[in-house]
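Engineer: Shown below is the structure under consideration.
The values are calculated or read from the model by the stated rules, or taken from the named source; none is laboratory data. Given the structure is predicted, the values throughout are model-derived calculations rather than measurements. FYI the Cβ positions are ideal-geometry reconstructions off the backbone, even for glycines, and counts take in every protein chain you see.
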Amino acid sequence: MNELQEATTDTLNFKCPHCDRVVGVLQHLLGDTIDCPVCEKPFRAEAPVAHSVHQSEIVAGAEIPTVEIPADDEHVDVVIHPVVLRTNFLAALLCAVLLVGAVLGLVMGLAGDAWLGIPALPLLIGSGVVALVAGVFLLKWYVASRMQSLTLTSERLIYRFGIIHRGTSEVRYDDVRNMKIDQNLLERLLGFGDIAISSSGQDEMEIVIKDVPNPQAIAEDVRRRQG
């Protein structure tokens with residue numbers, strides 16, 4: 001058994017069973033098999049276990065806090081954002097082409113060379129304007145995709161929306177009653193669509209998120225988690 005030594009805040013120190021050197025192990029690695037950084041041989045770093053204490057070991061009058069709820073073992077499995085650039089594919093492609101051309105124009109203008117018959121100064125100004133406009137549109141679409149997210153944890157679905165004013169809607173997997181997927185032909189070809197989810201006792205869809213990648217896979221994942 002690995003001998004546990006005095007620990008710091010973020011690590012627990014273990015004595016390697018092979019070389020007897022004390023090594024620090026980050027807490028998120030507890031329970032894993034790790035390689036000793038000294039002798040490079042593997043050993044399992046087990047988390048310390050709390051044991052019961054006999055009444056005779058408790059100092060008289062000592063206050064004993066009571067644990068009434070278990071530790072929260074919920075963890076995030078995946079976070080899904082809308083594919084805004086894919087929904088505006090042609091416009092995004094045009095902006096990307098214009099941005100590349102504008103960058104080339106800026107380089108030529110800064111070098112003092114004419115390009116396509118355009119003098120350096122007008123080329124520099126025009127390229128800057130085009131780069132700014134194209135960049136603003138691309139940034140706008142990116143921010144729009146970050147404004148919504150669908151998070152699948154080990155226990156529930158969490159829909160978050162907004163940046164300044166944030167909203168949240170949650171549905172536990174066991175409570176999911178209905179899922180609806182909406183895709184037109186182009187969306188099916190490009191692999192995205194809308195998904196709506198409602199829970200037991202609710203007539204309206206509680207979670208509606210548009211333009212998510214592969215909505216069928218999301219629905220199948222939710223059904224699998226329902227057991």
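Engineer: When you scan segment 155-172, do you find a residue that is over 17 Å from His81 (Cα atoms), surrounded by fewer than 17 Cβ atoms within 10 Å (Cβ to Cβ) and among the aliphatic types (A, V, I, L, M), even just one?
Structural biologist: Yes, that holds for at least one residue.
Engineer: So how many residues does segment 173-204 have that are assigned to a loop (DSSP other than H, G, I, E, B) and buried (at least 17 other Cβ atoms within 10 Å of the Cβ)? Even if it seems obvious, please write down each step before you answer.
Structural biologist: Just the residues of segment 173-204 that are assigned to a loop (DSSP other than H, G, I, E, B), to begin with: 183-184, 191, 200-204.
With the extra rule that they be buried (at least 17 other Cβ atoms within 10 Å of the Cβ), the set shrinks to none.
Of the residues in that region, 0 qualify.
Engineer: Select from segment 123-167 the residues that are within 30 Å of Gly112 (Cβ to Cβ) and among the small types (Gly, Ala, Ser) and list them in ascending order.
Structural biologist: Answer for segment 123-167, where residues must be within 30 Å of Gly112 (Cβ to Cβ) and among the small types (Gly, Ala, Ser): Gly126, Ser127, Gly128, Ala131, Ala134, Gly135.
Engineer: While we're looking at this one, here's another question. Tell me, yes or no, whether segment 100-120 has at least one residue that is within 17 Å of the chain's Cα centre (by Cα), loosely packed, with under 11 Cβ neighbours inside 10 Å, of a type outside the set (A, V, I, L, M) and not in a helix (DSSP H, G or I).
Structural biologist: Taking segment 100-120 as the starting set, the residues that turn out to be within 17 Å of the chain's Cα centre (by Cα) are none.
Looking for residues that are within 17 Å of the chain's Cα centre (by Cα), loosely packed, with under 11 Cβ neighbours inside 10 Å, of a type outside the set (A, V, I, L, M) and not in a helix (DSSP H, G or I), one finds none in segment 100-120, hence no.
Engineer: Right, next: Just checking, which of Ala102, Ala96, Ala120, Ala131 is touching a Ser or Thr at 6+ places or on another chain (Cβ under 6 Å), of a type in the set (A, V, I, L, M), farther than 30 Å from Asp221 by Cβ and not assigned by TED's automatic domain parsing to the domain that holds Ser198?
Structural biologist: Ala102
Engineer: Right, another one. Given the conditions (1) farther than 30 Å from Val222 by Cα; (2) assigned by TED's automatic domain parsing to the domain that holds Gly193; (3) not hydrophobic (A, V, I, L, M, F, W, C), report the number of the one that Thr153 does not fulfil.
Structural biologist: Thr153 satisfies all of (1) farther than 30 Å from Val222 by Cα; (2) assigned by TED's automatic domain parsing to the domain that holds Gly193; (3) not hydrophobic (A, V, I, L, M, F, W, C) except (1).
Engineer: Restricting the first residue to segment 179-193 and requiring it to be modelled with pLDDT of 90 or more, which pairs with a second residue that is charged (D, E, K, R) and exposed (fewer than 15 other Cβ atoms within 10 Å of the Cβ) meet a Cβ separation below 9 Å and a spacing of at least six or different chains?
Structural biologist: Final answer for the pair search is Met179/Arg223; Gly193/Asp182.
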